Amino acid sequence: MIAIRAGLLIDGKGGQPMKDGLVLTGDDGRIVRVGDASKIPIPSGTETLEVPGKTILPGLFDSHCHMLLTTHSLEKRLFIPNSLEILKCAETLKRTLHAGITTLRDAFGPSDVGFRQAVETGIIEGPRLVMAGAIAQTGGHIDGYYPRDIELPFSEGFTTGPEFADGVPAVQLAARRVLRKGFDFIKVCTSGGITSPSDLPDFTEWTMEELKAIVYEASARGKAVMAHAEGNRGIKNALFAGVWSVEHGSMLDEEAIRMFLDRGTYLVPTLTAIDALANEPDKFGLTDFARSKIDVVARNHFDSFRKAAAAGIKIAAGTDNIEDWMHGRNARELELMVRHGFTPMQAIVAATKVSSEACRVDSKVGTLEPGKQADLIVVDGNPLEDIAILQDQTKLLLVMKGGRKYVNKI
Ligand SMILES: [Zn+2]
């Protein structure tokens, strides 16, 4: 057993933080007790980590990440062998875990569930993986068709591609093909996006019949749909069709906000990627066409987040990390949430409890509670006073996943 006694304990549920808190973990990797250190007896033989003046909190989530994407430069992509990209992913996952991210939802990597199995069996180090397989419509956000009559989708040579399908019977088959591969989510794009070569962010994708057929197929197998949606109509179509989470949500109006609240749909606003595209566009190696689309999204995006936050929509933390230099700085999402209207506690809850619900793993992880997996971090300082310390790896003293220490500087 391991006992961690910290100056401050944040359980991820949003209540009052506890001074002099203790988490006791069992040999099975689960949490046994959480609470006031003075009231919890520590069994003899327990390894005890004393960290007064430090804060213990649940391991963080990134609910929207693309772990296999490392560059958007067309030239660079063409010169990277698939094997290198796949092996590099192992390093990306380790870097992400060591940054305090203990669960990551891969929003169509594009990768198959072998990565999840590699982490679960200990072949590579990484966060728990929740994985999405994608269905793409012709000419949509995932379709990498270039006017030179070349198709270069983001699945080029990776371990699994999107299933291209148009029309209800075709999307039913495509959904079943994605689900038989063992994915946890189906990813669709109900609007266009920035990085794609043949669409605009306010284009809508799929008919309502197609979307509802995909949602039905997912639910029939106990799974759910995550929808990339930037434009207003695409967002509403996704909500109306019954997706589990809307990704980005750049152009919200009152009607869309009402639909989120009525349906209990999760929003993953991916502030990190939009902020980086708006302020550091040169780092992405984007085409001129992609760059020309940033403005219209960024102009509305942060205002939409502020409106969503004020309305009380369930907001999960996800970065949409899509380049090598972004991986590992996932906790920046919390700083951006605070900059745009969340309290530090709201940001932490978004990156723990709410994200665990958005990723549909809340029965196992996401909060510090007895019975849940011992996924937790210890940071030097108080993130409620300075949320940015969560992304400062010199202040990250402990990263534990399933009771095992992956980073330990205590
Ligand atoms: Zn994405």
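Restricting to segment 48-76, and then to whatever is of a type in the set (D, E, K, R) and out of contact with any helix residue (DSSP H, G or I) (no Cβ under 9 Å at 6 or more places or on another chain), can you tell me which residue is farthest from the ligand (Cβ to nearest atom)?
GLU50
Within segment 272-300, count every residue that is touching a residue at least 12 places away in the same chain (Cβ under 8 Å), of a type in the set (Ser, Thr, Tyr) and either away from the ligand (no atom under 14 Å from the Cβ) or part of a loop (DSSP other than H, G, I, E, B) (or both).
So the count comes out to 1.
Being hydrophobic (A, V, I, L, M, F, W, C), surrounded by 20 or more Cβ atoms within 10 Å (Cβ to Cβ) and touching a residue at least 60 places away in the same chain (Cβ under 8 Å) is the requirement here; does LEU384 meet it?
So LEU384 does not fit the description; no.
Using the structure shown, decide if GLY328 is buried (at least 19 other Cβ atoms within 10 Å of the Cβ), on the phi > 0 side of the Ramachandran plot and at pLDDT 95 or above. Quick ask: steps written out before the conclusion?
On the way: buried (at least 19 other Cβ atoms within 10 Å of the Cβ): yes; on the phi > 0 side of the Ramachandran plot: yes; at pLDDT 95 or above: yes.
In short, yes.
Has segment 102-116 got any residue that is outside any loop (DSSP other than H, G, I, E, B), of a type in the set (Val, Ile, Thr), more than 16 Å from the ligand (Cβ to nearest atom) and crowded, with 24+ Cβ neighbours inside 10 Å?
Scanning segment 102-116, I find at least one residue that is outside any loop (DSSP other than H, G, I, E, B), of a type in the set (Val, Ile, Thr), more than 16 Å from the ligand (Cβ to nearest atom) and crowded, with 24+ Cβ neighbours inside 10 Å, so the answer is yes.
Among residues belonging to segment 80-101 that are at pLDDT below 90 and assigned to a loop (DSSP other than H, G, I, E, B), point out the one that is nearest to the ligand (Cβ to nearest atom).
So, considering only residues that are at pLDDT below 90 and assigned to a loop (DSSP other than H, G, I, E, B), the one nearest to the ligand (Cβ to nearest atom) is ILE80.
I'd like the residue in segment 242-264 that is farther than 23 Å from ALA298 by Cβ and in contact (Cβ under 8 Å) with a residue 40 or more places away in the chain and, out of all such residues, is nearest to the chain's Cα centre (by Cα).
Across segment 242-264, the extreme among qualifying residues is TRP244.
With respect to GLN172, is the statement that it is closer than 21 Å to VAL361 by Cα and in a helix (DSSP H, G or I) true?
Taking the combined requirement at face value, the residue does not satisfy it.
Is there a residue in segment 257-266 that is within 14 Å of the ligand (Cβ to nearest atom) and not hydroxyl-bearing (Ser, Thr, Tyr)? Even if it seems obvious, please write down each step before you answer.
If we filter segment 257-266 for residues that are within 14 Å of the ligand (Cβ to nearest atom), which is where we start, we get none.
Checked segment 257-266: no residue is within 14 Å of the ligand (Cβ to nearest atom) and not hydroxyl-bearing (Ser, Thr, Tyr).
Under the condition of being surrounded by 24 or more Cβ atoms within 10 Å (Cβ to Cβ) and more than 18 Å from ALA309 (Cβ to Cβ), which residue from segment 348-371 is farthest from the chain's Cα centre (by Cα)?
My answer is LEU368.
Checking the condition surrounded by 22 or more Cβ atoms within 10 Å (Cβ to Cβ), β-branched (Val, Ile, Thr) and not in a loop (DSSP other than H, G, I, E, B), which residue from ILE142, ILE56 passes?
Only one candidate passes the filter, namely ILE56.
Would you pick out the residues in segment 373-401 that are assigned to a loop (DSSP other than H, G, I, E, B) and under 15 Å from LEU24 (Cβ atoms)?
Within segment 373-401, ALA374, ASP375 qualify.
Take ILE124 and decide whether it is in contact with a strand residue (DSSP E or B) (Cβ under 8 Å, 6 or more places away or on another chain) and either over 30 Å from THR367 (Cβ atoms) or modelled with pLDDT of 95 or more (or both).
Details: in contact with a strand residue (DSSP E or B) (Cβ under 8 Å, 6 or more places away or on another chain): no; either over 30 Å from THR367 (Cβ atoms) or modelled with pLDDT of 95 or more (or both): yes.
No.
If you check ARG404 against the conditions, is it on the phi > 0 side of the Ramachandran plot, at pLDDT 95 or above and of a type in the set (Lys, Arg)?
Working: on the phi > 0 side of the Ramachandran plot: no; at pLDDT 95 or above: yes; of a type in the set (Lys, Arg): yes.
In short, no.
Can you find a residue in segment 331-347 that is within 13 Å of the chain's Cα centre (by Cα), within 27 Å of ASN408 (Cα to Cα) and away from the ligand (no atom under 16 Å from the Cβ)?
Yes, there is a match, as at least one residue in segment 331-347 is within 13 Å of the chain's Cα centre (by Cα), within 27 Å of ASN408 (Cα to Cα) and away from the ligand (no atom under 16 Å from the Cβ).
Would you point out which residue out of ALA316, ALA374 is in contact with a strand residue (DSSP E or B) (Cβ under 6 Å, 6 or more places away or on another chain), within 20 Å of GLU120 (Cα to Cα) and buried (at least 23 other Cβ atoms within 10 Å of the Cβ)? Can you show your working first?
Values: ALA316 fails: within 20 Å of GLU120 (Cα to Cα).
So the residue among ALA316, ALA374 that is in contact with a strand residue (DSSP E or B) (Cβ under 6 Å, 6 or more places away or on another chain), within 20 Å of GLU120 (Cα to Cα) and buried (at least 23 other Cβ atoms within 10 Å of the Cβ) is ALA374.
Just checking, which of ALA308, ALA316 is at pLDDT 95 or above and within 16 Å of the ligand (Cβ to nearest atom)?
Among ALA308, ALA316, only ALA316 is at pLDDT 95 or above and within 16 Å of the ligand (Cβ to nearest atom).
List pairs: first residue in segment 169-180 and closer than 10 Å to GLU210 by Cβ, second residue polar (S, T, N, Q) anywhere in the structure, Cβ distance under 9 angstrom, at least six positions apart or on different chains.
VAL171/GLN137
The values are calculated or read from the model by the stated rules, or taken from the named source; none is laboratory data. Just so it is clear, the structure is predicted and the values come from calculations on it, not from any experiment. Ideal geometry is used to build each Cβ from the backbone, glycine not excepted, and the neighbour counts take in all protein chains shown.
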